[in-house]
Each structure stands twice: as structure tokens, then as C-alpha cells.
């Protein structure tokens, strides 16, 4: 079974600085998707960025980018120019082609200080 | 596009009663809907997967007789918590697949907070 591990329960960053959230996963599959979701206090899950495993190029969405290392099974999220509105829980998630199930990590709470 | 709503956003019920939570895809047809449960300060755990017109597939450890799921149309799935008990208190989130993001992407509803007294 696949597992997703987020080893940082909490992280903090100063406004305008850069922060990297870690995520590792375990799988025997070769094809899958990886996601980062943001859950603000409203608890609405918001998709931040997605990565298809077959793509070598790291995904980027404005201030958000990932470092996808398939061999190492690592999928970290970098937030540049952090803003107060980035404060939230961030979940790394794995989607299996085979089981069609989304598996979430335990989350990292990000605090942004002015 | 790809908006998913849930109703109600919060509900309080007495122990032993049943409560129904609706999940609707507002601007797309959802071929598959998923129900998750999230305890405070914890991650989302998949409870079941439902396809329109078919019986839901439940995850191991989820009681199908307690958590009744009905996916009656391509825009509506319901979760009924039967004979609710305080331990069923949780945050329930649905997601739907079938929008513009592709065949794999899930769009999440805003969640429903259930409190059983």
C-alpha cells in the first residue's frame, strides 16, 4: 500500500521569504499523480499544484513550485515570496492510477509572520 | 468552474438520530464522488467511493450500514449517518471528479461539521 509522509508538523516563515515543505512517499507503482493541497481555517481544500509522475519537469504555479525526485520518492513544495494568506495546513497527496484513491499525508501547518 | 457544494455546512444532532449530508457538483457532471472524514488536527481519510448508479465502495473499517452513501445522479451524492453517536462527530468532506481538470482531478466541497450530542 502507498504511504505519504510529511515529517514537518509545523513550519514558519517570514513574509516575503521562501519556505520549503517536505513530502516523501512510498509506492511500487511507476505511474501516479502527486498533489499539494492547502487547507486554510475555513477548511476548504484548495489545490495548490499537481505533478504527473511521468513528467520530469517540475511543476510551477506562480509562487509555488515543486522539487520532484522520482527515484528518491520525494515531492517538496517551495513557496516563494510568502504572503500572510499562505498560512494554512498543507497536505501532500498521492493518487494511484491503479486504485484511484487519493492518499494524504499528515499535513504541515505553515505560519507566516509579518 | 468545477464547484462542489455541501449541505449543511454544520449540523448538531442527538445521539441515536440520523443525519443526511448532501454533496453537489454545481457546474459539471461528477462521474465519481468521494467521501472523506477528518478528525481535528488530522488528515483526510477516505471513507468510500461512489459512482453514479452503482453501490458505493467502502474502505476497510468503515461500516457501510452506518454510513449510507447514495449517488443518485451525476450531480448529487448523499451521506447518511445512521444512529449517530458522539464518536461520529467529525468533519466530513466530499469531493467530485469529472470536471475540467481531467479525468483524475478531484474537486472538494467545503465540508460539513457534524456534532452528535
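Read-outs: derived from the displayed coordinates by stated rules, not from any lab. Quantities reported herein were computed from a predicted structural model and do not represent experimental measurements.
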ask   = Distance from the Cα centre of segment A:35-61 to that of segment B:1-54, in angstrom?
value = 21
request  = Assuming a ≥ b ≥ c are the square roots of the Cα gyration tensor eigenvalues, decide whether the protein assembly as shown counts as rounded (a/c under 1.5), prolate (otherwise, with a/b larger than b/c) or oblate.
outcome  = prolate
ask   = Where is the GNM fluctuation largest for chain A (alpha-carbon springs, 10 angstrom cutoff): A:33, A:54, A:94?
value = A:54
task = Would you mind telling me which residue in A:18, A:99, A:60 has the biggest mean-square fluctuation in a Gaussian network model of chain A, where springs connect alpha carbons within a distance under 10 angstrom?
result = A:99
query = Is segment B:1-99 rounded, prolate or oblate when judged by the Cα gyration tensor, a ≥ b ≥ c being the square roots of its eigenvalues, rounded requiring a/c under 1.5 and prolate requiring a/b larger than b/c?
reply = prolate
query = Taking chain A as a Gaussian network, Cα atoms linked when under 10 Å apart, which of A:15, A:61, A:52 shows the biggest mean-square fluctuation?
reply = A:61
key: chain A: relative contact order in percent, alpha carbon pairs under 8 Å with at least 6 residues between   = 37
query = In chain B, what % of DSSP beta bridges are antiparallel (nearest 5)?
reply = 90
query = Cα centroids of segment A:2-34 and segment B:61-86: how far apart, whole angstrom?
reply = 31
ask   = Across every pair of different alpha-carbon atoms, what Kirkwood hydrodynamic radius in Å does chain A reach?
value = 14.1
